[in-house]
Amino acid sequence: MKVLVINCGSSSLKFQLIDSDTEAVLAKGLCERIGIEGSQIVYTPAGSDKITTQTPMPDHNKAVSLVIEALTGPENGVISDLSEIGAVGHRVVHGGEAFSTSVIIDESVKAAIKDCADLAPLHNPANLIGIDACEKLMPGVPQVAVFDTAFHQTMPEKAYLYGLPYEYYEKYRVRRYGFHGTSHSFVSKRCADLMGKDIKDLKIIVCHLGNGASLSAVKNGECVDTSMGLTPLEGIIMGTRSGDIDPAIIQYIAAKENKTLDEMVDILNKKSGVLGLSGGFSSDFRDLEAGYNKGEANCIRAIETYCLRVAKYIGSYAAAMNGVDAICFTAGVGENGPMVRAKICDYLGFMGVELDAEANLVRGDEAVISSGSSKVTVYNLPTNEELAIARETVALV
Ligand code: AMP
């Protein structure tokens, strides 16, 4: 079956067409600046170069119709007819407590996604718009919602509750939800495959280190803790997000700098993290590593602070699971960052983690990067959220 995977943002739409039998990507692309001047579709059929077409895209309906045109086009199309698409899998950011698995989308599912919109105001409404557009243009084709939060719904109450008045959980469902669940699930399963063991017998820590970043503790195949919270702002230091801070800092800086709450949250989301720590130098680890190697203090500060935070989370998850068999590094920084991986693992000698310096030079490929004598196996393990969404979709339809 051919599955169209859609990841809709408020002004963008990423897509991949995947043949679920071979798991090959037939084509992929991105619609950018939807509803804004200067919109374009970037389309890459397998084995060919990118084709960029600038064209007006007033809304997501137009974007989806352009995706369909690209996929079925006479010159660069990869399918002859829309009817070849057997299902559509949508990445949906927040499923709240309503969804612990992926589901086939119907009216009640759409209503529940809408109900979670105040927990993810930038993402869930955009995800719904993408779903509506696909329903309109591909009537009768089953649509599946795959939630970023679903994998983490197995967390026990003691891991998901905050130390706040319990009434806020009862009234407003204020709790830790976690994100990147599709990636944490995919990587932990792949890790068990590579170890040749049943995931039910393993304790795995997944470090999804991308621009957004989160860790999860996966015990016996289930998530028992994760670092992102009610929103993706909590946890480790990220590209531009602060991760954990003393909440009193918000009031303190707001008073000093005459900022509103909204402005403060904006600073924590967009101007903090390694971008903020490096004095505004860069949120991109390629730039930071280059600066680090030249001895630039801004970059050294950002990378050292980042790595210590990740290492502390790994230590706490080893405690939460009373042990760890494997640590997996994934996503942009995790998959491509030998320096960051080495610095993080340097803190973990106490629990028997020992990297193989040469193996750790790998970028972007699956590899064991720990030494033969390491008590914990450390993997570089590329994530593939689109493939995970396609698999979930096929399983349901
Ligand atoms: P993601 O959110 O998973 O796409 O990760 C994006 C981030 O990965 C970028 O902002 C970079 O910081 C990082 N990244 C990508 N490629 C490299 C690389 N070759 N070396 C170091 N960091 C990288």
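The values are calculated or read from the model by the stated rules, or taken from the named source; none is laboratory data. All values derive from a computational prediction rather than experimental measurement. Counting neighbours? That spans all protein chains shown, and the Cβs are built from the backbone with ideal geometry, glycine included. To get the accessible areas, we keep the full protein, side chains included, count just its heavy atoms, and leave off ligands, DNA and RNA. Shrake-Rupley method; radii C 1.70, N 1.55, O 1.52, S 1.80 Å.
The table for this structure:
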read-out: Test result for residue 39, crowded, with 21+ Cβ neighbours inside 10 Å and farther than 30 Å from residue 229 by Cα; value: yes
read-out: Qualifying residue in region 246-263 (condition: surrounded by fewer than 18 Cβ atoms within 10 Å (Cβ to Cβ), closer than 30 Å to residue 321 by Cα and either more than 19 Å from the chain's Cα centre (by Cα) or acidic (Asp, Glu) (or both)); value: yes
read-out: Positions within region 341-394 being within 20 Å of residue 148 (Cβ to Cβ), out of contact with any Cys (no Cβ under 6 Å at 6 or more places or on another chain), touching a residue at least 60 places away in the same chain (Cβ under 8 Å) and not polar (S, T, N, Q), in sequence order; value: 385, 386, 387, 388, 389, 390, 391, 392, 394
read-out: Unmet requirement for residue 336, which otherwise passes all of (1) modelled with pLDDT under 95; (2) within 16 Å of the ligand (Cβ to nearest atom); value: (1)
read-out: Yes/no for residue 70 being touching a Phe, Trp or Tyr at 6+ places or on another chain (Cβ under 7 Å) and buried (at least 20 other Cβ atoms within 10 Å of the Cβ); value: yes
read-out: Options 282, 214: the member that is open to solvent by less than 20 Å² (accessible area, probe 1.4 Å), in contact with a His (Cβ under 6 Å, 6 or more places away or on another chain), within 14 Å of the ligand (Cβ to nearest atom) and within 25 Å of residue 364 (Cβ to Cβ); value: 214
read-out: Per-region count, region 221-262, residues farther than 30 Å from residue 289 by Cα and of a type in the set (Asp, Glu); value: 3
read-out: Residues satisfying the stated conditions in region 217-241, i.e. away from the ligand (no atom under 16 Å from the Cβ), surrounded by fewer than 24 Cβ atoms within 10 Å (Cβ to Cβ) and of a type in the set (S, T, N, Q); value: 220, 231
read-out: Wholly within region 324-397, helices (runs of 4 or more DSSP H) carrying at least 2 residues that are more than 30 Å from residue 21 (Cα to Cα); value: 338-346
read-out: Number of the condition not met by residue 359 [criteria: (1) within 16 Å of the ligand (Cβ to nearest atom); (2) out of contact with any Asp or Glu (no Cβ under 8 Å at 6 or more places or on another chain); (3) not β-branched (Val, Ile, Thr)]; value: (1)
read-out: Pairs where the first residue, in region 326-338, is farther than 14 Å from residue 180 by Cβ and the second is in a helix (DSSP H, G or I) and near the ligand (Cβ under 8 Å from one of its atoms), C-beta under 6 Å, 6+ apart; value: 337/285
read-out: Leading residue by the ranking (farthest from residue 336 (Cα to Cα)) among those in region 286-308 that are surrounded by fewer than 17 Cβ atoms within 10 Å (Cβ to Cβ) and hydrophobic (A, V, I, L, M, F, W, C); value: 297
read-out: Members of region 159-174 that are touching a residue at least 60 places away in the same chain (Cβ under 8 Å) and in a loop (DSSP other than H, G, I, E, B); value: 162, 173
read-out: Filtered residues of region 309-323 (kept if open to solvent by less than 40 Å² (accessible area, probe 1.4 Å) and either within 14 Å of the ligand (Cβ to nearest atom) or assigned to a helix (DSSP H, G or I) (or both)); value: 310, 311, 313, 314, 315, 317, 318, 321
read-out: Residue list for region 102-120, restricted to those being open to solvent by less than 80 Å² (accessible area, probe 1.4 Å) and either within 21 Å of the chain's Cα centre (by Cα) or hydrophobic (A, V, I, L, M, F, W, C) (or both); value: 102, 103, 104, 105, 109, 111, 112, 113, 116, 117, 119, 120
read-out: Answer residue from region 121-158, given it is assigned to a loop (DSSP other than H, G, I, E, B), under 19 Å from residue 89 (Cα atoms) and in contact (Cβ under 8 Å) with a residue 60 or more places away in the chain and is least open to solvent (accessible area, probe 1.4 Å) among those; value: 138
read-out: Restricting region 356-392 to residues that are in contact with a Pro (Cβ under 8 Å, 6 or more places away or on another chain) and over 21 Å from residue 195 (Cβ atoms), the residue that is most open to solvent (accessible area, probe 1.4 Å); value: 363
read-out: Matching residues in region 94-120 - criterion: being more than 15 Å from residue 9 (Cβ to Cβ) and outside any helix (DSSP H, G or I); value: 95, 96, 97, 98, 99, 100, 101, 102, 103, 104, 105, 106
read-out: Residue in region 73-92 that is surrounded by the most Cβ atoms within 10 Å (Cβ to Cβ), counting only those that are modelled with pLDDT under 95 and either within 29 Å of residue 124 (Cβ to Cβ) or among the hydroxyl-bearing types (Ser, Thr, Tyr) (or both); value: 82
